[in-house]
Amino acid sequence: MSKTLIVGGEFLFRLTIQFGVLVILLLFGIILGINVAEKGIYRVAGSPDMNSKSFQIKQGDNQVEVMVLGKTYISKIPKKDMLSTNNNVSINKINFLSVLGNELGEYLQKGTRKGLELLTNLLKS
């Protein structure tokens, strides 16, 4: 019996070593793959220190200049007075929808609680 235990122990030891080597190889492959992917991203988009050549935004006094893939788009910034009047109208609509949504949520919450209470009372009986 002692001979079979020793043989089994050697087998278990060898299996553990093989498993450990495979895990180390797998981790090495993952690290190598991450490194290769990072280099590929840098090759396409540039290094993290450089500005991206594909998309840039510059803001001036009254305009915004956006450069996308070498093509430049210029847009004027609207005045603040126009923005404030438009926001008041949309805020009123949002407030109405917010109140309606909150009331609907409370109604559903109360209904769900009542339904669960009835269900638990029915199961207890």
Q | Cβ-Cβ under 7 Å pairs, at least 6 apart or on other chains, the range 35-56 side outside any loop (DSSP other than H, G, I, E, B), far side at pLDDT below 65 | A | Ala45/Ser52
(Q) Can you tell me how many residues within the range 95-122 are within 34 Å of the chain's Cα centre (by Cα) and of a type in the set (Val, Ile, Thr)? (A) 2
Q: Determine the pairs where a residue that is assigned to a helix (DSSP H, G or I), located within the range 99-125, has a partner that is open to solvent by less than 100 Å² (accessible area, probe 1.4 Å) with Cβ atoms under 6 Å apart, the partner being 6 or more residues away or on another chain.
A: none
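The values are calculated or read from the model by the stated rules, or taken from the named source; none is laboratory data. All values reported here derive from a predicted model rather than from experimental measurement. Glycine also receives a Cβ, built like all others from the backbone with ideal geometry; neighbour counts cover every protein chain displayed. Just the protein is used for accessible areas: all its heavy atoms, side chains included, with ligands, DNA and RNA removed. Shrake-Rupley method; radii C 1.70, N 1.55, O 1.52, S 1.80 Å.
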